[in-house]
């Protein structure tokens with residue numbers, strides 16, 4: 001019976017992968033810091049990544065670009081100055097988004113500014129009919145002197161300030177000016193609860209105070225007057 | 001001669017017919033070959049035989065190159081737990097609803113024009129003039145609601161049966177993404193007829209989305225492709241509705257089904273596992289996970305995360 005000790009040699013322990021004693025790969029040189037295989041792996045992944053970015057970046061940019069694009073400022077005639085009075089609104093329809101037919105039209109309620117309400121005289125006030133809750137079309141009810149929204153029951157007073165229902169701020173307005181006896185409406189702007197003009201916000205977004213930071217102005221809107 | 005339907009059963013699962021069973025003649029008495037030689041089949045009989053075998057031969061030709069029969073056998077003949085009931089069909093029903101939406105959607109796209117000036121008239125054209133147009137449009141319109149309802153019911157089944165628990169959490173997460181994408185489909189599809197209802201519903205939907213602080217306003221601009229709902233909004237919704245989301249949905253449904261087959265389904269929570277004859281900690285703790293036959297249902301048998309091997313009876317009934 002052979003003794004196990006006969007098989008013990010003085011060869012130091014080597015890990016199995018070292019024992020294989022394969023010849024060095026082609027191109028090997030003493031002191032190389034990276035194998036050929038590693039170089040090609042990194043190069044292939046790097047070039048593949050660049051090719052991927054070349055596809056993805058333009059596509060994402062294409063989809064996201066409209067956020068940063070501001071269209072041309074548009075002014076629309078809405079009738080001679082004599083059409084409008086101080087104590088009630090006249091309803092005007094004009095194109096807000098060109099090129100899409102009737103879907104691009106919007107409605108505003110326009111009057112002369114009123115001294116009794118503490119407004120600067122000689123101006124025109126154009127109140128948008130877009131509810132500040134979720135964007136439904138509000139209607140000016142002559143008898144009540146209020147704006148009322150059919151969707152969720154928002155109510156605004158004569159100046160467009162919220163007096164009831166879910167809306168979060170007064171009705172939006174449009175900039176106005178007079179050109180050759182014609183009243184014109186321009187870009188939309190929003191107002192705070194004190195009727196201070198701010199950049200246009202979407203319905204449902206609060207204005208004024210800290211809300212100016214929580215709902216930041218979008219680059220696609222125009223500066224307020 | 002076996003029945004044709006039997007030929008389609010994959011070989012590993014084919015039962016060996018026993019003498020005396022239908023289709024298998026009883027062992028004939030040994031013949032004297034000299035006086036009573038066996039009759040050779042006529043040419044007609046041989047041709048008939050070959051014709052009957054041709055579909056199987058064709059399938060075999062494909063399978064030899066595709067090597068799919070093993071996978072299909074494992075998937076279609078997998079065991080399901082005892083107590084599997086009609087509630088387990090809600091997922092397949094939701095999948096069927098998705099397929100209906102995909103097929104009808106393709107045919108609607110042949111007649112629909114995603115332009116603000118023509119969208120409404122093209123839908124009217126589909127409903128009034130195109131042969132069966134109202135039916136296909138109706139299937140797509142009502143099928144959308146059906147799919148949303150079925151996805152929710154399927155989610156409820158998964159929740160109340162506890163089927164979201166280990167090791168199926170990832171499938172729950174994938175399912176939630178599928179739910180969100182289904183709602184995205186419903187939302188973007190609503191605008192496409194471009195009538196008063198869809199126009200105002202989309203305005204309200206986008207504005208609800210915009211009430212999210214910080215990013216909400218930018219997301220609204222992204223959805224509308226600008227500060228107001230315009231021509232690009234419609235094409236954008238159309239592209240999201242028929243290109244972007246369906247692709248993602250198909251991929252995720254594939255992953256969802258893969259995990260269902262891989263992990264197996266659960267037994268209903270009220271199912272009692274038969275009393276095991278021997279219950280002891282198994283030597284191979286991960287046997288349940290690695291077995292391709294479906295992970296055994298949670299509940300009884302799993303104690304504090306330790307899987308107990310029950311020698312003979314693992315709660316799996318015959319499929």
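Bear in mind these aren't lab numbers, they're just calculated from the coordinates by the rules spelled out. Just so you know, these numbers come straight off a predicted model, no measurement behind them. Cβ atoms come from the backbone with ideal geometry, glycine included; neighbour counts cover every protein chain shown.
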Could you list the residues of region B:183-197 with an amide nitrogen less than 18 Å from a label point located 7 Å from the Cα of residue B:118 in the Cα-to-C-beta direction?
B:192-195
To the nearest 0.05, the calculated FRET efficiency linking residue B:153 and residue B:270 through their beta-carbon distance, R0 being 22 Å, is 0.70
Taking 0.36 nm per residue of sequence separation and subtracting the Cα-Cα distance, how much length would be gained by fully extending the chain between residue B:165 and residue B:239, in nm to one decimal?
23.0 nm
Inter-site label distance for residue A:214 and residue A:95 at 7 Å from Cα along Cβ, in nm
3.9 nm
Between residue A:115 and residue A:29, what is the label-to-label distance in nm when each label sits 7 Å out along the Cα-to-Cβ direction?
9.5 nm
Please work out the Cα center distance from region B:188-206 to region A:135-181, rounded to the nearest Å.
23 Å
Taking R0 as 56 Å, what FRET efficiency do you get between residue B:214 and residue B:47 from their Cβ-Cβ distance, rounded to the nearest 0.05?
0.15
What does the extension gain come out to for residue A:139 and residue A:50, with contour length at 0.36 nm per residue minus their alpha carbon separation?
26.5 nm
Could you list log10 I(q)/I(0) for region A:18-67 at q = 0.21 Å⁻¹, which the Debye formula gives when each Cα is one point scatterer?
-0.83
Residue-normalised 222 nm signal for chain A, counting each DSSP H run of n ≥ 4 as -39,500 (n - 2.57), nearest 500 deg cm²/dmol, is -5000 deg cm²/dmol
Quick one: what do you get for region A:76-214 if you divide its Cα Rg by 2.2 N^0.38 Å?
1.01
Packing rank of A:77-86, A:112-121, A:193-202, where each peptide gets the mean count of other beta carbons within 10 Å, highest leading:
A:193-202, A:77-86, A:112-121
Could you list the square roots of 5 times each eigenvalue of the Cα gyration tensor of region B:86-263, that is, the equivalent ellipsoid semi-axes, sorted largest first and rounded to whole Å?
30, 22, 13
So how do B:131-144, B:58-71, B:183-196 stack up, highest first, on mean other-Cβ count within 10 Å?
B:183-196, B:131-144, B:58-71
Compute the long axis of helix A:36-64 from its Cα atoms, compare it with the longest principal axis of the Cα atoms of chain A, and write down the angle in degrees, 0 to 90, nearest 10.
10 degrees
